[in-house]
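Worksheet for the structure shown next.
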Amino acid sequence: MIGMKRRRLRAAEIAPLGDAGLLVRFGTELSDEANQAASNFARRLGRDPIAGVLEVVPSLVSVLVRYDPARLSFQGLAGELSLRMRGDKASDPSHMHAIPVRFDGEDLVEVATALKLSVGEFVAAHNEQPLRVLTTGFAPGFVYCGLHADNLVLPRRSSVRQRVVAGSVLFAAGQTAIAATDLPTGWHVIGHTEFRNFDPSANPPTVLRAGDLVQFRALA
């Protein structure tokens with residue numbers, strides 16, 4: 001992704017997770033290559049499901065596979081997954097989502113100053129190119145987007161806010177996140193959006209999925 005140094009992708013590791021799950025791990029730390037590998041692999045499993053697999057959940061650098069132990073063994077499923085990793089690596093086309101943002105967050109000036117940018121320069125750099133959905137999780141509909149260029153990397157806040165509202169646009173660690181529910185966070189609040197990535201009455205309940213592209217656009 002933009003600004004991220006290319007790293008050689010390590011061979012994936014498959015490890016048991018309880019008696020009805022396994023984890024396919026493509027890295028031990030977040031990198032563009034490991035994240036893309038996890039996202040693409042999860043999409044391939046969704047496109048061509050394995051009988052007896054109950055759920056496939058991509059994370060930042062790994063994929064959780066839950067299965068029915070009455071129909072599959074760990075060894076058998078691990079073997080099938082290994083074969084698929086060596087097979088067709090084509091992934092579904094990424095969907096592009098335009099998300100309008102009011103850049104009015106309480107930490108916006110502090111973030112821009114820390115990065116040695118004006119607010120306008122920061123917003124322009126933040127929105128310059130689409131970001132990929134890295135994963136969803138932590139809270140319902142919470143979505144991580146990245147990865148930003150190296151000059152837009154900033155640590156999380158030293159203290160946690162006990163509550164930010166749904167629709168808060170958050171920034172830290174080379175990523176932008178969107179909160180779909182009220183929650184506590186140590187991320188910097190840079191703006192707000194009307195977009196919500198969680199509707200419990202819908203199927204699926206989230207709009208964005210790992211591998212999709214997000215283009216943030218500033219509202220006047």
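The values are calculated or read from the model by the stated rules, or taken from the named source; none is laboratory data. All figures in this text were calculated on a predicted structure; none of them were measured in a lab. Cβ atoms come from the backbone with ideal geometry, glycine included; neighbour counts cover every protein chain shown. Protein only, heavy atoms only, side chains kept; ligands, DNA and RNA dropped before computing areas. Shrake-Rupley method; radii C 1.70, N 1.55, O 1.52, S 1.80 Å.
The table for this structure:
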{"item": "Helix-only [θ]222 nm of the chain, DSSP H runs n ≥ 4, -39500 (n - 2.57) each, per residue, nearest 500", "result": "-6000 deg cm²/dmol"}
{"item": "Rg/Rg_globular for the range 85-174, with Rg_globular taken as 2.2 N^0.38 Å and Rg from C-alpha atoms", "result": "1.27"}
{"item": "Unit Cα scatterers, Debye sum, the range 18-69: log10 I(q)/I(0) for q = 0.24, 0.28, 0.30 Å⁻¹", "result": "-0.84, -1.02, -1.11"}
{"item": "Shape parameters for the range 11-128, alpha-carbon atoms, Rg then Dmax in Å", "result": "19.6, 59"}
{"item": "Distance in nm between pseudo-label sites at Phe138 and Thr181 (7 Å out along the Cβ direction from Cα)", "result": "1.4 nm"}
{"item": "1.4 Å probe accessible area per residue over the chain, in Å²", "result": "50 Å²"}
{"item": "Residue of Pro100, Pro205, Pro58 that the Gaussian network model of the chain assigns the largest fluctuation, springs spanning Cα pairs under 10 Å", "result": "Pro205"}
{"item": "Candidate residues Phe103, Phe138, Phe122: accessible-area rank, largest first, probe 1.4 Å", "result": "Phe138, Phe103, Phe122"}
{"item": "The range 101-144 - convex hull of the alpha-carbon atoms, volume per residue in Å³", "result": "106 Å³"}
{"item": "The chain: radius of gyration and largest Cα-Cα distance (Dmax), Å", "result": "18.5, 59"}
{"item": "Radius of gyration and maximum dimension Dmax of the range 121-217, Cα, Å", "result": "12.9, 40"}
{"item": "GNM top mover of Ala172, Ala139, Ala34 - the chain, alpha-carbon springs below 10 Å", "result": "Ala139"}
{"item": "Accessible surface of Phe195 - all protein chains present, 1.4 Å probe, nearest 10 Å²", "result": "40 Å²"}
{"item": "Among Leu152, Leu45, Leu83, residue whose mean-square fluctuation peaks in a GNM of the chain (springs only between Cα atoms under 10 Å)", "result": "Leu83"}
